[in-house]
Amino acid sequence: MKNIFLLMLFLSNVISAQSSYSIDSSYTIKSTYTKLIKKYPFIKIAEAEKNIKVTQISDVVYSKDKGRSLHLDAFFNRTKKRNPAIIMIHGGGWRSGNKNQMQVLAQEVASKGYSCFTIEYRLSLEAKYPEGIYDVKNAIKFIKDNAKKFNVDPNKIAVLGCSSGGQMAALIGTTNDNPAFDDVQNKSKASSKVNAIINIDGVLAFKHPESSEGDMAAFWLKGTSAENPENWKNASALSHTDKNTPPTLFINSSIDRFHAGRDDMIAILNQNNIYNEVKTIKDTPHSFWFFQPWFGETVLYTTQFLDKIFK
């Protein structure tokens, strides 16, 4: 009886630790569909076709600290033992969303010969900048440490993100080997370096003539641009873009504010002869990647770029 009581107490503590933070569930594929369907009556929520070549492993724990576990879902092509890996970061204004929103894209890209990983990271109601950046970089290290398990070539890693996830992906890629953006608590000897960036409608500069970031960014960045200008600058990929930035693909909607800083970043990439592409999908809203017919274009542009860089 005593052992049962101790077990129940342990489980209670674990559950309490796992749920001791607020969750914002406002950003979902369904709510976005409801918002967009009136203006775009032809859209359909994208679905992935099951592919026998793709293995899925869900809710793999890649980090655990003080009872808080962080998970990833792996989708990897079994036809080769060493696939390029794609780290996928969901959007939601750094506050909402979850890794499940990237599963369809992960399944589809994995079917083309890749290992894809959708990443859970701490959102702003739980942890402020730069903790979420640390989380994704820790996930990259975990994937490299377990490369054989997931059929990954650790020297061919791309980071892809949508919306706020695109901002994070660009920041992660432009801060390769920058110790200020790595979690000092992580004991892995693997590098969090990535070899390509895919930014899907994520801002490249928070404080910029083209940017109109407001309350959600300020909440994540620990203050407004006036209150915390250092974070607003340091969290901007444009601030770190240089000769060491990896090849980059920008996939954009037709809404200008979600490309803030992009053209300035491209100018730096071109000055350093770093390969880059821009694909703007005409007449599209933000969050276009969830829906057909735009999902198909997103997959096509993503895989064409990855094939050029890695294959």
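Before moving on, here are some points about what is shown:
- Here the extension length gained between N146 and F42 equals 33.2 nm, from 0.36 nm per residue of separation less the Cα-Cα distance.
- Relative packing of peptides 24-34, 166-176 - highest average C-beta neighbours within 10 Å first: 166-176, 24-34
- Share of pairwise Cα separations in segment 97-207, more than 23 Å, in percent: 23 percent
- Within the chain, helix-based [θ] at 222 nm, where runs of 4 or more DSSP H residues each add -39,500 (n - 2.57), nearest 500: -9500 deg cm²/dmol
- FRET efficiency for S212 and D65, using Cβ-Cβ distance with R0 set to 35 Å, rounded to 0.05: 0.50
- Taking a ≥ b ≥ c as the square roots of the Cα gyration tensor eigenvalues, segment 172-268 comes out oblate, since a/c reaches at least 1.5 and a/b does not exceed b/c.
- Whole-number percent relative contact order across the chain, with pairs defined as alpha carbons under 8 Å at least 6 apart: 16 percent
- Sparse-neighbourhood loop sites, trypsin sites (Lys or Arg not before Pro) in segment 180-217 - DSSP loop, at most 16 other Cβ within 10 angstrom: K187, K189
- Extension gain for Q271-K243 works out to 9.2 nm (0.36 nm per residue, less the C-alpha to C-alpha distance).
- Calculated FRET value between A226 and T79, using beta carbons and R₀ = 51 Å, to 0.05: 0.45
- Averaging over all projection directions, the Cα-based convex hull of the chain occupies 17.5 nm² in the image plane.
- Sites matching chymotrypsin sites (Phe, Trp or Tyr not before Pro) across segment 152-241 that sit in DSSP coil, with at most 12 neighbouring C-beta atoms within 10 Å: none
We did not get these values from a lab; they are worked out from the coordinates using the rules stated. Just so we're clear, the structure is a prediction, and the values are computed from it rather than from any experiment. All Cβ positions, even for glycine, are placed from backbone atoms using ideal geometry, and neighbour counts span all protein chains on display.
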